[in-house]
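Working notes, beginning with the structure itself.
Readers should treat all values here as calculations from the given coordinates under stated rules, not as data from a laboratory. From a predicted model like this one, the values you see are computed outputs, not experimental measurements. Glycine also receives a Cβ, built like all others from the backbone with ideal geometry; neighbour counts cover every protein chain displayed.
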Amino acid sequence: MNMNAASKSIATGIEFRQVSKRYGEGNAPLVVKGIDFVVPKGTLTTLLGPSGCGKTTTLRMIAGLETVSDGKIFIDGQDVTNLGPAERNVSMVFQSYALFPHMSVIDNARYGLKVSGVSIAEATERAHIALENVGLKDFDNRLPSELSGGQQQRVAVARALVLEPSVLLFDEPLSNLDARLRRSMRDEIRSLQQRLGLTVAYVTHDQSEALAVSDQIIVMDAGTIAQAGTPEDLYERPVSEFVAGFMGEAMLFDGVVDAQGQVTLGPLSFKARQQVKAGAITAAIRPEAWTIVPTEAANLTGVLHKKAYLGSTLELTFDTVLGSLFVVTSDLSQDWKIGTSMGLSLSGRGVSVVARN
């Protein structure tokens, strides 16, 4: 192997080359359809998409819990396509935590080492380090039933970390937690990943979670990769209607763009931030892109139809010539009355334009 190839393989944590998966024989439909992607070593990639898009199947193929129908999988440059789960240096944190209820925290954390034949003294020492890393020092003798959901999740992460895996996999790890815990746990997982330089593949259907934790997001749609890139790429520069609509709570509107990149959307006109060929387009407009202005200063007006107070923001729904518009504003000083007519303009950010499918 030449030095360039060697350095490339060392820098690659996970690589998929034309990987497909079907359940059943012969002409059974493909659940994952010839996908290619790379997770660089020491980074976190999120597989994001709606239910049934193939993201969990992809994660399970990395773990060796599902066999590959076609293609190859590499971990740290090694072809692991035909290796079983125990032969891959991979640990997985499941949605359900999968802790042993009759075992203490320390027994759960060191379980994988014990069954691998590591001495009890070394297993205990490594488990203590892993538990301290996830903020559970001095929790050794607690049972899972005596822990909160967030603490149980931390034990599951410690149990995975203690094996010092090349790759750590998370399958919807926060879906059983309440909103506040989800936020703090996602921040802790990201902080831990960066501090320890872990290679992580992370599955979620939650766009805000993906944006918060990822170096790379891979959006999947019906077994294919719709788009892969940085969080900013996917949010600001989607390449299709599907990605534009999936990233954030964007609403989709039909319009046209001319050769100079000027978009016409009903009474609105603005410059496209993306390069799009002249013709029919779809504009994805996120709720935070709208600014409420005096009606006389606006090309688009709307009648306030619904409002919801969320503490730091208001969610407003307007009836307009473009249809129903969903707007989020942090201006809580106004007394927004249902039935009032208001002007709406676009701020520039939060607007994506893609060629119409």
Reach of LYS337 by Cα under 17 Å, taken over lysines that are not fewer than 8 positions away in the same chain | LYS306, LYS307
Tilt relative to the chain, helix 149-161 - C-alpha long axis, 0 to 90 degrees, to 10 = 50 degrees
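Do the sum for the chain: with -39,500 (n - 2.57) for every DSSP H run of n ≥ 4, divided by all residues, what is the mean residue ellipticity at 222 nm, to the nearest 500 deg cm²/dmol? Present the calculation step by step, with values, prior to reporting the outcome.
On the way: 9 runs with 93 residues, N = 357.
Mean residue ellipticity, 222 nm, calculated: -7500 deg cm²/dmol.
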Would you look at the GNM of the chain, springs on alpha carbons closer than 10 Å, and say which of SER333, SER324, SER119 moves the most?
-> SER333
Which value, in debye to the nearest 20, describes the size of the charge dipole of the range 3-235 about its Cα centre when Lys and Arg Cβ atoms bear +1, Asp and Glu Cβ atoms bear -1, and nothing else is charged?
-> 60 debye
If the cut-off is 14 Å between C-alpha atoms, which aspartates and glutamates fall inside it for LYS277, apart from same-chain ones fewer than 8 positions away?
-> ASP258
For volume of the Cα convex hull per residue in Å³ the list reads (i) 131; (ii) 183; (iii) 153; the calculated value is entry (ii)
With springs only between Cα atoms under 10 Å apart, run a GNM on the chain and tell me which of ALA308, ALA212, ALA160 wobbles the most.
-> ALA308
Of the trypsin sites (Lys or Arg not before Pro) in the range 100-196, which ones lie in a loop per DSSP and count no more than 11 other C-beta atoms within 10 Å?
-> LYS137
Low-density loop trypsin sites (Lys or Arg not before Pro), the range 222-285, at most 13 other Cβ within 10 Å, DSSP non-H/G/I/E/B, are LYS277
Taking the Cβ of each residue in MET220, MET103 as the centre, tally the other Cβ atoms inside 10 Å and list the residues starting with the fewest.
-> MET103, MET220
Reachable lysines from LYS72, Cα under 19 Å, same-chain residues fewer than 8 places away excluded?
-> LYS8, LYS21, LYS33, LYS41, LYS55
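Taking the Cβ-Cβ separation of LYS306 and ASP335 as r and a Förster radius of 22 Å, what is the calculated FRET efficiency to the nearest 0.05?
Efficiency, rounded to the nearest 0.05: 0.90.
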So if we plug the beta-carbon distance of ASP178 and LEU252 into 1/(1 + (r/R0)^6) with R0 = 41 Å, what FRET efficiency do we get, rounded to 0.05?
-> 0.85
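Can you give the alpha-carbon Rg of the range 44-151 over 2.2 N^0.38 Å, where N counts its residues?
Computed over Cα atoms of the range 44-151, the ratio equals 1.27.
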Can you give the three extents of the C-alpha atoms in the range 250-329 along their principal axes, from longest to shortest, in whole Å?
-> 42, 24, 18
Residues with amide H under 5 Å of VAL293's amide H, sequence separation 5 or more or different chain, H placed in the peptide plane at 1.01 Å from N; which?
-> GLY343, LEU344, SER345
